[in-house]
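Student: One structure, pasted below without further comment.
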Amino acid sequence: MKLRSLAPAFAVLCIGTASAQVLAPQYPGGYKPQFDEDKPWEEQKWALPEYPADANLVRFYVSPTTPFEFFVDSKSVSVGKDGVVRYTLVARSPSGVDTVNYEGLRCATSEHRIYAFGRPGGSWSMSTVPWREISPSNAQRWQFTLQKDFFCLHGKSIRSASEGIAALEKGGHPWVKSLDGSWNSGTR
């Protein structure tokens, strides 16, 4: 009697397993297609740009609380296939001393990285600084400003270097909303 009561349960189990196999995608030769979101992110190879020249610097506004002026070298802006916007930043102190960094913004994860530090005489010193989270309260607020107003749109990087340079020249990307909710007019 116990065997008879198990027979219907066994039949349901077999039918359920068979239908699950029919519904499961079948790939010839066991091939399963890969999609970009299935792959782990990998940073592409990059090369240091030429040291910035004053003629190529585009000024951008960071905050009323900083006495520094901030610039991006327009010749250094690039958008990698890995989604990283790379650029050379120049931070100029009130006394005219420049701090130069070659940096990257990873818009998808809201991270930044300094690849190299500028040295007197126009050479680079490689950095070992890893990717770090971008924070509006960070002392390096320029990265937050570049992310929010110029290079990242809703977690996605700009499409091209020319798009980023145009945003810098206009004072902000036209698709970025300001704090009051109105669309950025490109002026400050």
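FYI, it's all coordinate maths here, none of it is from the lab. Not measured: the values here are computed from a predicted model. Cβ sites come from the backbone with ideal geometry, for glycine too, and all protein chains shown count toward neighbours.
Student: Taking 0.36 nm per intervening residue step and subtracting the Cα-Cα distance, what contour gain separates ASP54 from ASP98 on full extension?
Tutor: 14.7 nm
Student: So for the pair LYS156, THR66, with labels modelled 7 Å out along Cα→Cβ, what separation do we get in nm?
Tutor: 2.8
Student: Let me ask something else about it. Can you tell me the length gained on complete extension of the stretch ASP82 to TRP41, counting 0.36 nm per residue apart and subtracting the Cα distance?
Tutor: 14.0 nm
Student: When Lys and Arg each count +1 and Asp and Glu each count -1, what net charge do the other residues less than 15 Å away from ARG119, Cβ to Cβ, add up to?
Tutor: Around ARG119, the surrounding residues sum to -2.
Student: Greater than 21 Å separation of Cα atoms is the criterion. Which listed pairs, LYS45/LYS148; LYS45/LYS170; LYS45/LYS81, meet it?
Tutor: LYS45/LYS148; LYS45/LYS170
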